[in-house]
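The values are calculated or read from the model by the stated rules, or taken from the named source; none is laboratory data. Predicted model, so just to flag it, every value in this text is computed and none were measured. Neighbour counts run over all protein chains shown; Cβ positions are idealised from the backbone, glycine included. Remember, those area values only see protein heavy atoms, side chains included, never the ligands or the DNA or RNA. Shrake-Rupley method; radii C 1.70, N 1.55, O 1.52, S 1.80 Å.
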Amino acid sequence: MNMQRYILVKEKLSMRHLAMLYKEEVGEELLEEWMRAREAVRYSFLSPVVGEVVVNDLRLSLPYGLSCIVDSYGYISVLPEPIMVKDCIDHDFIRYLLYDLPKMLDEDRRPVLVEGFDERFTKNAVQGLIYAGDILKRVGIMYRVPVAVKYCINTLGYLKWVNTYIIVKREGRTYLQQLPENIYFEVRDYE
Amino acid sequence: MDYVMIIKYLIRIGDGCVLSSISSNNHYAWHIVNTLSNLGLVTVRRVSGRILILPTTKARKVLELYDNIVSVIEGEIGALHPNHTHPELKAEDTIESSIPAEMPSFIKGNPWVTVLKSRRR
C-alpha cells in the first residue's frame with residue numbers, strides 16, 4: 001500500500017495524516033476517506049525513529065511517542081536535530097499540530113520538540129494543553145517519532161508520557177532524573 | 001524500584017556477579033546496587049580491583065519464594081493447556097489500539113476541538 005497516496009480535499013492529506021485524526025475531527029464529508037485511511041494504515045508500521053536526550057556528555061535514548069522534558073536550566077537538548085514547533089499560540093498552535101506538523105513528518109521523519117509547551121494558550125489553557133498533548137501523542141504514535149515537550153509543570157494526568165526527563169539540582173550537583181523508572185544520572189557540569 | 005524490578009535484578013545477580021553484569025551503564029548499575037543494598041539484599045565487595053555483587057541470605061530466600069511462584073503458575077498453565085510451555089508472542093498492536101477512532105471522553109466538549117471545523121469552512 002502506498003502511504004504517500006494523497007486524498008485531495010481543500011488541501012492534501014496523506015493517508016497516515018488522515019488516519020491520525022479522530023472521527024469527530026474529520027466530519028461527515030471526509031468520513032469515507034478517513035475510514036479507508038484507517039484501514040490502509042492499520043497494520044502498516046513505520047520503523048521507529050529513536051532520538052537522544054543529551055546533557056553534556058550524558059546521552060539517553062528518547063523513544064518514539066510523547067515525552068516530557070522539565071528543564072528550567074536549559075541543559076537538555078535533543079538529537080538528531082528535531083523539528084522545532086514554531087512559536088505560535090492558541091488556534092494557530094492547534095492548527096500547526098494538526099496540519100503542518102504531520103505534513104512535515106510525511107516528508108522527513110525526525111524527532112519533534114515543542115518549546116514552552118505551557119505558554120501556548122492565552123485562554124482555556126488546561127483544555128488546550130490536554131488537546132495539544134493528545135494530538136502530539138497521536139503524531140508520535142502514527143509517525144513513530146519521538147515527540148518531546150518542554151514543560152514546567154508536569155501535572156496533566158490525562159497525558160501518558162512515555163518518559164519524563166527532569167533536571168534536578170541537589171547539594172551543588174546536577175542530576176538528570178528519568179521517569180517512570182525513577183533513575184538519577186549525575187550530570188558533569190562544564191565550567 | 002518496584003518489586004518486579006527487584007526480582008529481575010536478583011535473578012541477574014544469581015550467586016554473585018560483577019557490577020558491569022547488572023548494567024553496562026555504570027550510573028544505573030550503582031543505582032540498582034545501592035537500592036538492593038539498602039534493602040539488605042546484596043553486599044558489595046572489591047576483589048582485585050573488581051566490584052563483586054553478592055546476594056545475602058535474604059536475597060536467596062526471596063529467590064526461593066519466586067521459584068515457588070513460578071512453579072505454581074506453570075503448574076496451572078500446564079493443567080489448562082497441556083502443550084503450553086510459553087505464552088505465544090503477540091503481533092504488534094494495531095493503530096486502533098493506540099489511536100482510537102473516536103475521541104476519548106476527556107477531550108469531548110473541549111473548546112479547542114472546534115479549530116478543525118473552522119478550518120474546513
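Selection of region B:5-24 for residues being surrounded by fewer than 16 Cβ atoms within 10 Å (Cβ to Cβ) and among the polar types (S, T, N, Q) yields B:Ser20, B:Ser21, B:Ser24.
Just so you know, in region A:146-165 the residues that are aliphatic (A, V, I, L, M) and at pLDDT below 90 include one that is most open to solvent (accessible area, probe 1.4 Å), and it is A:Ile153. Scanning region A:37-52 for residues that are surrounded by fewer than 21 Cβ atoms within 10 Å (Cβ to Cβ) and more than 13 Å from every other protein chain (Cβ to nearest Cβ) gives A:Val49, A:Val50, A:Glu52. Scan region B:11-23 and give yes if some residue there is within 14 Å of chain A (Cβ to nearest Cβ) and modelled with pLDDT of 85 or more, otherwise no. There is no residue in region B:11-23 that is within 14 Å of chain A (Cβ to nearest Cβ) and modelled with pLDDT of 85 or more.
So that you can scan it fast, the table gives a plain yes or no per residue for (1) closer than 19 Å to A:Lys137 by Cα; (2) away from chain B (no Cβ under 11 Å); (3) not hydrophobic (A, V, I, L, M, F, W, C):
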| position | (1), (2), (3) |
| --- | --- |
| A:Val54 | no, yes, no |
| A:Leu60 | no, no, no |
| A:Ile69 | yes, yes, no |
| A:Ile89 | yes, yes, no |
| A:Phe93 | yes, no, no |
| A:Leu97 | yes, no, no |
| A:Leu113 | yes, yes, no |
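A Cβ distance below 8 Å, combined with a sequence gap of six or more or placement on separate chains, defines the contacts here; from region B:7-28, residues that are in contact (Cβ under 8 Å) with a residue 12 or more places away in the chain and assigned by TED's automatic domain parsing to the domain that holds B:Asp67 reach residues that are small (Gly, Ala, Ser) and surrounded by 13 or more Cβ atoms within 10 Å (Cβ to Cβ) in the pairs B:Leu10/B:Ala59; B:Ile13/B:Ser21; B:Ile13/B:Ala59; B:Leu19/B:Ala29; B:Ile22/B:Ala29. For the condition in a helix (DSSP H, G or I) and within 27 Å of A:Asn56 (Cα to Cα), A:Asp118 qualifies.
Of the conditions (1) within 14 Å of chain B (Cβ to nearest Cβ); (2) more than 13 Å from the chain's Cα centre (by Cα), A:Gly65 satisfies every one except a single condition; which number is it? Against the list (1) within 14 Å of chain B (Cβ to nearest Cβ); (2) more than 13 Å from the chain's Cα centre (by Cα), A:Gly65 comes up short only on (2).
Restricting the first member to region A:129-144 and to residues that are closer than 12 Å to A:Lys160 by Cβ and assigned to a helix (DSSP H, G or I), and the second to residues that are among the small types (Gly, Ala, Ser) and at pLDDT below 90, the beta-carbon pairs closer than 7 Å and six or more apart or on different chains are A:Ile141/B:Ser98. Going through (1) farther than 23 Å from A:Tyr175 by Cβ; (2) at pLDDT 90 or above one by one, A:Ser44 falls short only on (2).
All conditions but one from (1) within 30 Å of B:Val4 (Cβ to Cβ); (2) of a type in the set (Gly, Ala, Ser); (3) open to solvent by 20 Å² or more (accessible area, probe 1.4 Å) apply to A:Gly116; the one that does not is (1).
Take B:Ala59 and decide whether it is modelled with pLDDT of 85 or more and either surrounded by 11 or more Cβ atoms within 10 Å (Cβ to Cβ) or within 14 Å of chain A (Cβ to nearest Cβ) (or both). Yes; evaluated as a whole, the condition is true for this residue. As a summary of the residue check, A:Val149 satisfies the conditions (1) in a strand (DSSP E or B); (2) under 15 Å from the mean Cα position of the chain (by Cα); (3) within 13 Å of another protein chain (Cβ to nearest Cβ) except for the one numbered (3).
Of the residues A:Tyr143, A:Tyr131, which single one is surrounded by 21 or more Cβ atoms within 10 Å (Cβ to Cβ), of a type in the set (Ser, Thr, Tyr) and within 11 Å of chain B (Cβ to nearest Cβ)? Working first, answer last.
Details: A:Tyr143 fails: within 11 Å of chain B (Cβ to nearest Cβ).
Answer to the selection: A:Tyr131.
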